[in-house]
Amino acid sequence: MPKAALSSTRYTDGKPFQPGTEMKENGRKMLELSQQVLQKVSFDPRLFRKELMKAVQWVGARDQLLLKAWCLATFGHLYRDVIVEVFQHSMRA
């Protein structure tokens, strides 16, 4: 496809096409969903660990850093050891 055709490509909503935008939006949605789930299960340490492990797998590498920072800020007083352990394990994999 010629360059001119690419630059004029638009989504059905009329916005110009920007490569990677949809992936970023989906990643951000997964991050937000993970945060909501973690808030809802924070009453149970085992459930929190399980959902955190799933969340780390769902979000992208960049969002993992945001998720870790948010978890430590929000739940660090309760689950610091769990959070550090889960993220250390995920960073090695």
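Observations, loosely collected:
- Pick from segment 47-85, criterion at pLDDT below 95 and of a type in the set (S, T, N, Q), ranking: farthest from GLN35 (Cα to Cα): GLN57
- Within segment 36-54, residues that are in a loop (DSSP other than H, G, I, E, B) reach partners that are of a type in the set (Ser, Thr, Tyr) and surrounded by 13 or more Cβ atoms within 10 Å (Cβ to Cβ) with beta carbons closer than 9 Å, at six or more positions or on different chains, in the pairs SER42/THR74; SER42/TYR79.
- Screening GLN88 on (1) within 20 Å of MET30 (Cα to Cα); (2) at pLDDT below 95 shows it passes everything except condition (1).
The values are calculated or read from the model by the stated rules, or taken from the named source; none is laboratory data. As the structure is a computational prediction, the values presented were derived from the model and not from experiment. All Cβ positions, glycine included, derive from the backbone under ideal geometry; neighbour counts span all protein chains shown.
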